[in-house]
Amino acid sequence: MIGGLFIYNHKGEVLISRVYRDDIGRNAVDAFRVNVIHARQQVRSPVTNIARTSFFHVKRSNIWLAAVTKQNVNAAMVFEFLYKMCDVMTAYFGKISEENIKNNFVLIYELLDEILDFGYPQNSETGALKTFITQQGIKGQPQTKEEQSQITSQVTGQIGWRREGIKYRRNELFLDVLESVNLLMSPQGQVLSAHVSGRVVMKSYLSGMPECKFGMNDKIVIDKQGKGGTTDEPGKSGKQSIAIDDCTFHQCVRLSKFDSERSISFIPPDGEYELMRYRTTKDIILPFRVIPLVREVGRTKLEVKVVIKSNFKPSLLAQKIEVRIPTPLNTSGVQVICMKGKAKYKASENAIVWKIKRMAGMKESQISAEIELLPTNDKKKWARPPISMNFEVPFAPSGLKVRYLKVFESKLNYSDHDVIKWVRYIGRSGIYETRC
Amino acid sequence: MTDSKYFTTTKKGEIFELKAELNSDKKEKKKEAVKKVIASMTVGKDVSALFPDVVNCMQTDNLELKKLVYLYLMNYAKSQPDMAIMAVNTFVKDCEDLNPLIRALAVRTMGCIRVDKITEYLCEPLRKCLKDEDPYVRKTAAVCVAKLHDINAQLVEDQGFLDTLKDLISDSNPMVVANAVAALSEIAESHPNSNLLDLNPQTINKLLTALNECTEWGQIFILDCLASYLPRDDRESQSICERVTPRLSHANSAVVLSAVKVLMKFMEMLPKDLDYYGTLLKKLAPPLVTLLSAEPELQYVALRNINLIVQKRPEILKHEMKVFFVKYNDPIYVKLEKLDIMIRLASQANIAQVLAELKEYATEVDVDFVRKAVRAIGRCAIKVEQSAERCVSTLLDLIQTKVNYVVQEAIVVIKDIFRKYPNKYESVIATLCENLDSLDEPEARAAMIWIVGEYAERIDNADELLESFLEGFHDESTQVQLQLLTAIVKLFLKKPTETQELVQQVLSLATQDSDNPDLRDRGYIYWRLLSTDPVAAKEVVLAEKPLISEETDLIEPTLLEELICHIGTLASVYHKPPSAFVEGSRGVQHKRLPPRAGSGESTESPDVGQSGPSEAPPAVIPSQGDLLGDLLNLDLAPPTATVPSVQPSMQMGAMDLLGGGLDSLVCSSPAMGAGLGAAPAAMPASLGSAPAVGGGLGDLFDLGGGVGMPTGSYVAPKTVWLLAMKAKGLEISGTFARRGGIIQMDLSLTNKAMSVMTDFAIQFNRNSFGLAPAGPLQVLTPLSPNQTIDVSLPLSTSGPVMKMEPLNNLQVAVKNNIDVFYFSCQYPLSLLFVEDGKMDRQVFLATWKDIPNDNEAQFQIKDIHLNSDVASNKLQGSNIFTIAKRTVEGQDMLYQSVKLTNGIWVLAEMRIQTGNPNYTWMCWRRPHVRECVSQNDSPVIS
């Protein structure tokens, strides 16, 4: 198990050092500094073995977090724990910076004592931790016995991520469907690979211990219902459902229920958290199509024409569009003409960057450029890197739709109808490239 | 408030000031002072002098202050044990506190204080806390048992804490269960043989129930524990798998990987024709792919594991090639791992895509990555024959870039391509020769020289090229020197007229002006070969070389199996067994995959996947040629960790040099195989294919003569293994014995030389059953001339395993102050029969029926006059156990079982005809011998 945990600043000075196991000595602190932080070369692995001691590290801005062990620990668990540690710290005092860590070192030690016992991660949900690890530290005494046992039962209980007795005047929840769409397309417009990786992020401000049920247009669920002959019309449902390749859930979701019935039910943590992640590869709506045309005019000139077409409802607007057209290394000058937005040749990046603030659906726009080249005797042909694109669209390119999010709280007197629900879809470009 | 100020106090007299503040009456001031102390402690200052003052602050109502004091105590108690006692009272009192948080805090902290006297006081509070009404206290106490065990294992056993801990597995609170499981697993690791965890279907059921309810971390503890369970049959295995699969959708990657581990392990037991088996395979792919969208560090862990999974079960991810394509912003460690997996998944179906990608990568910036990409192209050429042509032309394109390291890397892999497809792509040699001058790395130079030597007859100016290297001969690395020597000799044999001078020159450089023994020896061998018999020289040096196999970088199957049992852990990241990086007893247990259940399948290879490299595990085992290279220690190439696929060029050199003659060189002693030769008369060997063990059996029966050795296994008389004339005066004779479960090699070392011999050491080459010396060769006194010394060397069977031909061949190197000598001998297989080789009757019956005929061998043993009972007793002495006996038509039939050290079972039937002194061993059978399918047709009676 984890033998010790150290936090360093960018210079390699120790800010936090907590040793859990006897086999980790003080020299381990220095070994990591010398061999990793002060190492000359770039770090080649997040796991380093120095003198039979293994160091796992992650970096947040210029802060290093390192977990140390001499045993055959579960490596995936150690990294998950380090990320979790970062989340917990952020939840308590904001950004992880040297200043914040120094200011909160007592709190951090207290947290480390609580969430890691003898190197075994314990409950690390901030919702629960905040009930008894407070920056004031005085909460120790005035608690009643009931309060105490409530805390302990929550920390150890099945719903460790949520405390009891949360009250909101207005019960409200926000669902964000955030997708990043990835594409690799051939110059002829053939899709070489495309996938969407999506996340459903939920912000819940709900009283009590609400039982939630989340429904989306998952093909498997819709098909099952279609067969059962319930509400949906058969033809319609087939079109609207999407095939999900794989998904993972926050620990609040009852996995065995998902496995057997494919229904997503849970008691949500309070505040913001990531309910699920998913991947799809089928029937992806590609928001933009890039049509490149490159012509070499002699040895010293290139003519480039790129057309982009938006492929979604005309009523929707895409934002932050940026097209990046690579230019050869021996470019000497570039003239660009574009119909919309601004385009610039950036010599340092070897690319023409074309930016458009907004673009509605079913439109097209075009850029043409003349690139002058310096004559070289380099025999090697220019490799023509792909044209890449960035954008943001207000829909989910995977076609995912939230069908419902039902809230049941039997003990308190509010019903599903009283909850104010907001759903937002944002599709962003991941790696969106077209070869030319 | 800004606590950061505590970090900046560097003035002198600080300790003194702190002391005053700690003893202040004001609570706030006290707390401030303790904070300062902790800050100093963090940055590494020694504040142990403040021990009494800090401990004085312990009695406080302020929880935050208390925690700080405890933190201080944990750090310094060990250095001030006497003073630490002062704290005991407070701890004991806190353990009785009304607030469960304080009770838990006290017991948690006490467990971290490694002072014997405190530990004594811990027992009673701990016992109470283990039965506390509050689950928070119980879960903390459970971990505390593990802490205490780490300090004083005996105490924990004496106090009966282990039983209480076991009871906690049935606790109503899932987190208590998870922590109890974690603690028990840890304790069990240091007691490899205890049945501490005592997993049975009932406890497993409890764990599976808790799995659904506990925290993500608890799920990991439970899954890791489940992975060590061995289900009774395939049905149980399936039902566990069914309950574990939902975990694959967990957001925590560690939960997913641990679940994958359980599934990969238990799948091993499911019959392949089961529908569920296919379903499970399909379910595994998506979560593995999803792991690649995690944070880079986790991606790295996942990729290292996927590398193992792909080797074990290529069918899972064979269609997922694209997800392993490298992204431009991946960290370098992720890029390198993805590249590795891409090569593993490369096949005829996707090779075009892979090659296009690799070509892209070869133009990136990171040197290591580019090199690996270039090597990968070469590996694709070797792996997918249809793509070789395309790969070679890609490599040529890359050479045209003239980027120095790309060119060198390309030449190294092209050499390998020549080894795989000889005489096919020589047209590229001209291009290669153009780049001769730019090569500055030894490996690339050596590769180029090898190519020139190998194709000397087709390169017009080969002599000039080689001569140009010769000028700086002494500045070259050994690798290049050896290669140059061999290449010039090859050239000479091909074009003797023009190159006589050159060969003279290189031979004298190698033999007279070099300090390197390998170079000198090789030089002499060539010289002598050339001068005595040029025709023979030609046969040796220009002999046809064995083709290199396609996937030489696969992890050795037994190691792979072990690593599969460690999915998700550090071992799977390092690709090393835990014993390689964990100190002490922990993790030294070797884990194994469970044997497959189900009928008719038992002897099949575990990988019946339609295709894929795993179908041919023997391919991984290096050929014997390499092995001789190893043994002779000719392999001087630098560690080739970066290029596992490429055989070090020197090794080829070794084969060039010694060609086929090596076998006789190493085994030149006529006494070779003498361990068995002792009883040739007893061996008519009706089945010629089984001389080795048959001989051993003959030996066993030879005892029938009735010399007084009623029990214990047979020991053959010593035979000469190493002749004095071959070993500068050292004669070694020896035999093998099994005494009280320990394998021993009895050696007689005789000094027939004129000088004293000292500094003896012994080493074995890798062999079929992993025999290795369990200790050093104990020759304490110098061996004076004409003296003989008898040594008994205990052997273990935990050494590296490699299949030998014959199976029981053992190659040994003995060193003394004079030189290193090599010989090989054969051990009787009976050496490996273990004491617990008695199979249950029912199991025997079931297994017997399942064995296919192919695995059967029979032969006769003549001239032995024993009745069945005596034979049975005798054999029992050698750990051959009689399971059943029956009499059919006047023949006694004995059914026997034997278990080998590597867990292989051999079943036998022995027919004894009364009145006729013929004993017919009917068949030896091997059930579920998964590891050794490759040995099926070996001469051993297996």
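Being surrounded by fewer than 22 Cβ atoms within 10 Å (Cβ to Cβ) and out of contact with any Ser or Thr (no Cβ under 8 Å at 6 or more places or on another chain) is the filter here; which residues of region B:171-186 pass it?
B:Asp171, B:Ser172
Only one of these is without any contact (Cβ under 8 Å) to a residue 60 or more places away in the chain, open to solvent by 20 Å² or more (accessible area, probe 1.4 Å) and either under 24 Å from the mean Cα position of the chain (by Cα) or facing another protein chain (nearest Cβ under 7 Å) (or both): A:Ser180, A:Ser124, A:Ser153. Name it. If you could, list the steps in order and put the result at the bottom.
On the way: A:Ser180 fails: without any contact (Cβ under 8 Å) to a residue 60 or more places away in the chain; A:Ser124 fails: open to solvent by 20 Å² or more (accessible area, probe 1.4 Å).
Answer to the selection: A:Ser153.
What pairs come up if the first residue lies in region A:385-398 and is free of Cβ contacts under 8 Å to residues at least 12 places away in the same chain, the second is of a type in the set (A, V, I, L, M, F, W, C), and their beta carbons are under 6 Å apart, counting only those six or more places apart or on different chains?
none
Considering (1) polar (S, T, N, Q); (2) crowded, with 24+ Cβ neighbours inside 10 Å; (3) touching a helix residue (DSSP H, G or I) at 6+ places or on another chain (Cβ under 6 Å), say which one B:Gln299 fails and leave the rest.
(2)
Spot the failing condition for B:Asp46; the list is (1) within 14 Å of chain A (Cβ to nearest Cβ); (2) part of a helix (DSSP H, G or I), and only one is missed.
B:Asp46 satisfies all of (1) within 14 Å of chain A (Cβ to nearest Cβ); (2) part of a helix (DSSP H, G or I) except (2).
Applying the selection to region B:218-238, what residues are within 24 Å of the chain's Cα centre (by Cα), open to solvent by less than 10 Å² (accessible area, probe 1.4 Å) and touching a residue at least 60 places away in the same chain (Cβ under 8 Å)?
Within region B:218-238, the subset within 24 Å of the chain's Cα centre (by Cα) is B:223-230.
Checking the rest, the ones that are also open to solvent by less than 10 Å² (accessible area, probe 1.4 Å) come to B:223, B:225-227.
Within region B:218-238, just B:Ala227 meets the criteria.
Looking at B:Ala254, is it more than 27 Å from A:Arg44 (Cα to Cα), among the hydrophobic types (A, V, I, L, M, F, W, C), within 12 Å of chain A (Cβ to nearest Cβ) and open to solvent by less than 10 Å² (accessible area, probe 1.4 Å)?
Numbers: more than 27 Å from A:Arg44 (Cα to Cα): no; among the hydrophobic types (A, V, I, L, M, F, W, C): yes; within 12 Å of chain A (Cβ to nearest Cβ): yes; open to solvent by less than 10 Å² (accessible area, probe 1.4 Å): yes.
Answer is no for this residue.
For residues that are in a loop (DSSP other than H, G, I, E, B) and of a type outside the set (Ser, Thr, Tyr), scanning just region B:171-182, find the one that is farthest from the other protein chains (Cβ to nearest Cβ).
Applying the first criterion (in a loop (DSSP other than H, G, I, E, B)) to region B:171-182 yields B:171-173.
Add one more test, that the residue is of a type outside the set (Ser, Thr, Tyr), and what stays is B:171, B:173.
On the way: B:Asp171: 10, B:Asn173: 5 Å.
Restricting to residues being in a loop (DSSP other than H, G, I, E, B) and of a type outside the set (Ser, Thr, Tyr), the top hit is B:Asp171.
Go over the candidates A:Ala343, A:Ala369 one by one and state the one that is among the small types (Gly, Ala, Ser), buried (at least 16 other Cβ atoms within 10 Å of the Cβ) and closer than 17 Å to A:Cys436 by Cα.
Values: A:Ala343 fails: closer than 17 Å to A:Cys436 by Cα.
A:Ala369 is the lone residue from the list that is among the small types (Gly, Ala, Ser), buried (at least 16 other Cβ atoms within 10 Å of the Cβ) and closer than 17 Å to A:Cys436 by Cα.
Among the residues of region B:54-94, count how many are open to solvent by less than 10 Å² (accessible area, probe 1.4 Å) and touching a Pro at 6+ places or on another chain (Cβ under 8 Å).
1
From the list B:Ala376, B:Ala356, B:Ala349, pick out the single residue that is away from chain A (no Cβ under 14 Å), surrounded by fewer than 18 Cβ atoms within 10 Å (Cβ to Cβ) and small (Gly, Ala, Ser). Spell out the reasoning first.
Details: B:Ala376 fails: surrounded by fewer than 18 Cβ atoms within 10 Å (Cβ to Cβ); B:Ala356 fails: away from chain A (no Cβ under 14 Å).
Result: B:Ala349 is the single residue among B:Ala376, B:Ala356, B:Ala349 that is away from chain A (no Cβ under 14 Å), surrounded by fewer than 18 Cβ atoms within 10 Å (Cβ to Cβ) and small (Gly, Ala, Ser).
Could you please let me know if B:Ser4 is among the hydroxyl-bearing types (Ser, Thr, Tyr) and more than 14 Å from chain A (Cβ to nearest Cβ)? Show your work before the answer.
Values: among the hydroxyl-bearing types (Ser, Thr, Tyr): yes; more than 14 Å from chain A (Cβ to nearest Cβ): no.
Judged against the criteria, B:Ser4 is not a match.
Considering only residues that are without any contact (Cβ under 8 Å) to a residue 24 or more places away in the chain, surrounded by 15 or more Cβ atoms within 10 Å (Cβ to Cβ) and within 14 Å of chain A (Cβ to nearest Cβ), which ones fall in region B:15-32?
B:Glu32
Can you name every residue in region A:343-385 that is among the aliphatic types (A, V, I, L, M) and either over 35 Å from the mean Cα position of the chain (by Cα) or under 21 Å from A:Ser186 (Cα atoms) (or both)?
Within region A:343-385, A:Ala351, A:Ile352, A:Val353, A:Ile367, A:Ala369, A:Ile371, A:Leu373, A:Leu374, A:Ala383 meet the criteria.
If I go through region A:93-111 residue by residue, how many of them are touching a Lys or Arg at 6+ places or on another chain (Cβ under 8 Å), more than 8 Å from chain B (Cβ to nearest Cβ) and over 19 Å from A:Glu13 (Cα atoms)?
Of the residues in region A:93-111, 0 are touching a Lys or Arg at 6+ places or on another chain (Cβ under 8 Å), more than 8 Å from chain B (Cβ to nearest Cβ) and over 19 Å from A:Glu13 (Cα atoms).
Which members of region B:261-289 meet the condition of being closer than 21 Å to B:Thr209 by Cβ and touching a residue at least 24 places away in the same chain (Cβ under 8 Å)? Talk me through it step by step, then tell me what you get.
Quick first cut of region B:261-289, residues closer than 21 Å to B:Thr209 by Cβ only: B:261-263, B:265-266.
Those that are closer than 21 Å to B:Thr209 by Cβ and touching a residue at least 24 places away in the same chain (Cβ under 8 Å): B:Lys261, B:Val262, B:Lys265, B:Phe266.
Here are the criteria: (1) within 30 Å of A:Leu184 (Cα to Cα); (2) of a type in the set (Gly, Ala, Ser); (3) open to solvent by 10 Å² or more (accessible area, probe 1.4 Å). Tell me which single one B:Ala388 does not satisfy.
With respect to (1) within 30 Å of A:Leu184 (Cα to Cα); (2) of a type in the set (Gly, Ala, Ser); (3) open to solvent by 10 Å² or more (accessible area, probe 1.4 Å), B:Ala388 is out only on (3).
Quick one: count up the residues across region B:362-373 that are assigned to a helix (DSSP H, G or I) and open to solvent by 10 Å² or more (accessible area, probe 1.4 Å).
Going residue by residue through region B:362-373, those that are assigned to a helix (DSSP H, G or I) are B:367-373.
Now drop any that are not open to solvent by 10 Å² or more (accessible area, probe 1.4 Å), which leaves B:367-368, B:371-372.
Within region B:362-373, residues that are assigned to a helix (DSSP H, G or I) and open to solvent by 10 Å² or more (accessible area, probe 1.4 Å) number 4.
Filter region B:281-300 down to residues that are aliphatic (A, V, I, L, M) and within 17 Å of B:Met264 (Cα to Cα) and give me whichever is nearest to the other protein chains (Cβ to nearest Cβ). Explain how you work it out, then say what you get.
Within region B:281-300, the subset aliphatic (A, V, I, L, M) is B:281, B:284-285, B:288-289, B:291-292, B:294, B:298.
Retained after the next criterion (residues that are within 17 Å of B:Met264 (Cα to Cα)): B:281, B:284-285, B:288-289, B:291.
On the way: B:Leu281: 15, B:Leu284: 11, B:Ala285: 8, B:Leu288: 9, B:Val289: 7, B:Leu291: 9 Å.
Here the answer is B:Val289.
Suppose we filter region A:307-325 for residues that are more than 28 Å from the chain's Cα centre (by Cα) and open to solvent by less than 60 Å² (accessible area, probe 1.4 Å); how many remain?
Of the residues in region A:307-325, 1 are more than 28 Å from the chain's Cα centre (by Cα) and open to solvent by less than 60 Å² (accessible area, probe 1.4 Å).
Considering only residues that are of a type in the set (D, E, K, R) and open to solvent by 60 Å² or more (accessible area, probe 1.4 Å), which ones fall in region A:277-302?
Restricting attention to region A:277-302, the residues satisfying the condition of being of a type in the set (D, E, K, R) are A:277, A:279, A:282-283, A:289, A:295-296, A:299, A:301.
Those that are of a type in the set (D, E, K, R) and open to solvent by 60 Å² or more (accessible area, probe 1.4 Å): A:Arg277, A:Lys282, A:Asp283, A:Arg289, A:Arg295, A:Glu296, A:Arg299, A:Lys301.
Which one of these does A:His57 not meet: (1) within 29 Å of the chain's Cα centre (by Cα); (2) modelled with pLDDT under 90?
Checking A:His57 against (1) within 29 Å of the chain's Cα centre (by Cα); (2) modelled with pLDDT under 90, the one that fails is (2).
B:Lys128: modelled with pLDDT under 85 and either out of contact with any Ser or Thr (no Cβ under 9 Å at 6 or more places or on another chain) or among the aromatic types (Phe, Trp, Tyr) (or both), yes or no?
On the way: modelled with pLDDT under 85: no; either out of contact with any Ser or Thr (no Cβ under 9 Å at 6 or more places or on another chain) or among the aromatic types (Phe, Trp, Tyr) (or both): yes.
No, not satisfied.
Per-residue answers, yes or no, for (1) closer than 30 Å to B:Lys849 by Cβ; (2) buried (at least 18 other Cβ atoms within 10 Å of the Cβ); (3) touching a strand residue (DSSP E or B) at 6+ places or on another chain (Cβ under 7 Å); (4) modelled with pLDDT of 75 or more:
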{"site": "B:Asp515", "(1), (2), (3), (4)": "no, no, no, yes"}
{"site": "B:Tyr526", "(1), (2), (3), (4)": "no, yes, no, yes"}
{"site": "B:Leu530", "(1), (2), (3), (4)": "no, yes, no, yes"}
{"site": "B:Lys545", "(1), (2), (3), (4)": "no, no, no, yes"}
{"site": "B:Ile567", "(1), (2), (3), (4)": "no, yes, no, yes"}
{"site": "B:Arg586", "(1), (2), (3), (4)": "no, no, no, no"}
{"site": "B:Pro595", "(1), (2), (3), (4)": "yes, no, no, no"}
{"site": "B:Ser602", "(1), (2), (3), (4)": "yes, yes, no, no"}
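Please verify whether B:Tyr277 is aromatic (Phe, Trp, Tyr) and within 14 Å of another protein chain (Cβ to nearest Cβ), treating the condition exactly as stated.
Working: aromatic (Phe, Trp, Tyr): yes; within 14 Å of another protein chain (Cβ to nearest Cβ): no.
Spelling it out, it is not the case that B:Tyr277 is aromatic (Phe, Trp, Tyr) and within 14 Å of another protein chain (Cβ to nearest Cβ).
Is it the case that B:Asp94 is without any contact (Cβ under 8 Å) to a residue 12 or more places away in the chain and closer than 27 Å to B:Leu148 by Cβ? Show your work before the answer.
Values: without any contact (Cβ under 8 Å) to a residue 12 or more places away in the chain: no; closer than 27 Å to B:Leu148 by Cβ: yes.
Against the criterion (without any contact (Cβ under 8 Å) to a residue 12 or more places away in the chain and closer than 27 Å to B:Leu148 by Cβ), B:Asp94 does not qualify.
The values are calculated or read from the model by the stated rules, or taken from the named source; none is laboratory data. The structure presented is a predicted model; accordingly, all values stated were derived computationally and were not measured. Ideal geometry is used to build each Cβ from the backbone, glycine not excepted, and the neighbour counts take in all protein chains shown. Keep in mind that these areas ignore ligands, DNA and RNA; they rest on the heavy atoms of the full protein, side chains included. Shrake-Rupley method; radii C 1.70, N 1.55, O 1.52, S 1.80 Å.
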